[in-house]
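No lab work stands behind these numbers, since they all come straight from the coordinates. Worth saying up front: this structure is predicted, and the values here are computed from it rather than measured. A quick note on method: Cβ atoms are made from the backbone with ideal geometry, for glycine too, and the neighbour counts reach across all protein chains shown.
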Amino acid sequence: MAKTQEPTLAEDQQISLTLEQLQSLISEATKEQQKDSDSKFSELISALIETRKPYVDPGQELNKEVMRQSERQQQAAIDRNRKWAQDSCLHVKGLGGQEPGSASAFWIHRSDTGETIGVCSFCQRVISSLNPDDQRFFAMKGSNVPSQAGQRAFLDPIKAMTARFSEEERKKIIERLHFSAS
């Protein structure tokens, strides 16, 4: 096989190319440059996005979690203390330096659903006319004038009255109401 020799050209020698050959030559040269610039551009965008993210100190994150846990424990202690205060409260006037006696400390309100509730002026315990355990408080003589909301008609008054209770409490109340109605 005979070897083909490539012609050697002097630097000042002119060559002739067709337009198609010139376009192909330029296209090949720019393809490589485009690939390099595309990858560098995507790296630059990724780096810019990363710089916009705030630095999060792991120690700070740990501190925040410890604070959240401490707040949960504090709230649980507050809830326990409130429950203890409500359980030990006598719910009678005279506890706060007012006239001593056996008058109820509950402020009574009849809601537009028909449920009557009371709020103790000392411990903020809420009682309900729907709860049989609370009936003894409604039997106490009170010194305030009960308030009342407007009256509305409901298709299902029991459902309206028990809407504020949890599902478990709602079932117990409805069961008691049906038992006492028979």
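Quick notes
- Förster radius 30 Å - calculated FRET efficiency between R152 and S88, Cβ distance, rounded to 0.05: 0.20
- Candidate lysines for bridging to K64, where Cα separation is under 30 Å - those fewer than 8 sequence places away on the same chain excluded: K53, K83
- Relative contact order for the chain, counting Cα pairs under 8 Å that sit 6 or more residues apart, in percent: 13 percent
- Computed extension gain for E20 through V66, at 0.36 nm per residue and net of the alpha carbon distance, reaches 9.4 nm.
- Relative contact order %, region 106-181, counting alpha carbon pairs below 8 Å whose residues are six or more apart: 30 percent
- Helix-derived mean residue ellipticity, 222 nm - over the chain, DSSP H n ≥ 4, -39500 (n - 2.57), to 500: -17000 deg cm²/dmol
- Residues of type lysines that K141 reaches as a straight line, Cα spacing below 18 Å, ignoring anything fewer than 8 places off in the same chain: K93
- Where trypsin sites (Lys or Arg not before Pro) in DSSP loops with at most 12 other Cβ within 10 Å are excluded, longest remaining stretch of the chain: 4-140
- Charge tally for G150 (other residues, Cβ to Cβ under 12 Å; Lys, Arg +1; Asp, Glu -1): +1.
- For Kirkwood radius over Cα pairs in Å, calculated from these coordinates, the label among [x] 23.5; [y] 19.2; [z] 25.5: [z]
- Set of lysines near K171 by C-alpha distance (under 17 Å), chain-local residues within fewer than 8 positions excluded: K159
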